[in-house]
Amino acid sequence: MRVAVYARVSTHDQQTLGMQIEAMSADIKDRGWDIAKRIEDVGSGAKDRPGRESLLKAARRREIDVVVVWRLDRWGRSLPDLVVTLRELTDLGVGFVSLTEALDMTTPTGRAMAGMLAVFAEFEREILRERVRAGIAQARKEGRPHGRPRTASLKRDEVLRLKAERVSHSEIARRLRLGRTSVRRILAAG
C-alpha cells in the first residue's frame, strides 16, 4: 500500500507536527505499508491548505492508496467538508485512516462509519436551511429588510447619465464600481 501521511497544525508555534508524524509512521510500519508522501500544513482550518490539495491531486492521479491522518479535525474543515472529501477518496478507491478516532475506511466497518458521518452532515445542513428560512420569515413579518442590500439600483441615475454620454458598459461598471450585469440590467429597465 502506498500511503500519504497528512499532518497539520494551526500555527507555527504549535509543536505537535512531530508527534503526529511519529504516531502515524509507527501505525503504518505496524501494518506493513510504505509511506509514499508526507504532507505537512501549517495554518488555520478555515484557510487554504495547499498540502491537502496536493494530496487530493495525488489521489486523483492514483499515486496513493491510503491517506493517514492523526485526527479527523486535522483533515476536515467542517463536517460537510469532511464528508465530501471522504466520499471523493472513496470514489477514487483511496482508503482513509484516522488514528485517534480509530476510523479505518480500508475496512467495511470504517466505511459504514463514514456513511453515518454523511447522515449527520446532511442533518446539519437541513437544520441550517430551516434556521435561514425561519429568519427570513421573521424578518418579513416584522417588515425588516433581508437579503442583499440594494446597491446597483441606487446608482440608476448615474448609470443612465453616463450611458447618455456614450460611455461603454464596462467603463460605467468600472467608474461606479458595479458589475457589468448590473449596468446592463439597469439600462434594459430604462
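Tell me which lysines have Cα within less than 18 Å of Lys37's Cα, excluding those fewer than 8 residues away on the same chain?
The qualifying lysines are Lys29, Lys57.
Rank Ile28, Thr151, Gln138 by how far each Cα sits towards the positive end of the charge dipole of the chain (+1 on Lys, Arg Cβ; -1 on Asp, Glu Cβ) and give me just the farthest.
Of the listed residues, the answer is Thr151.
To check you understand DSSP bridge types, tell me what percent of the beta bridges within the chain (both residues inside) are antiparallel, rounded to 5. Intermediate results must be reported in sequence, preceding the final value.
Details: 2 of 18 bridges.
So the antiparallel bridges in the chain amount to around 10 percent.
Relative to the present Cα-Cα distance, how much length would full extension add between Gln15 and Thr106 at 0.36 nm per residue of separation? It would help to have the intermediate numbers written out before the result.
Numbers: separation 91, 0.36 × 91 = 32.76 nm, distance 2.95 nm.
Result for the pair: 29.8 nm of gain on full extension.
Taking amide H positions as placed 1.01 Å from N in the peptide plane, with prolines and chain starts having none, which residues 5 or more places from Thr106, or on another chain, fall under 5 Å of its amide H?
Residues meeting the amide H criterion: Phe96.
Tell me the Rg and the Dmax, in Å, that the Cα atoms of the chain produce.
Considering the chain through its Cα atoms, Rg and Dmax are 24.8, 76 Å.
7 Å from Cα along Cα→Cβ at both Phe123 and Lys57: what's the point-to-point distance in nm?
3.7
Which value at 222 nm does the chain reach when only helices count, each DSSP H run of 4 or more adding -39,500 (n - 2.57), with the total divided by all residues and rounded to the nearest 500 deg cm²/dmol?
On the way: 8 runs with 105 residues, N = 190.
After summing the helix terms and dividing by residue count, I get -17500 deg cm²/dmol.
Treating only the Cβ of Lys, Arg, Asp and Glu as charged (+1, +1, -1, -1), what charge dipole size does the chain show about its Cα centre? Round to the nearest 20 debye. Write down the numbers at each step before the final one.
Details: 38 positive and 26 negative charges, 356 e Å.
Approximately 1700 debye in magnitude.
Rule-based calculations on the coordinates, nothing more; no lab input. In this text the structure is predicted, and so the values were computed from the model without any measurement. Because the Cβ atoms are built from the backbone with ideal geometry, glycine has one as well, and the counts that use them run over all protein chains shown.
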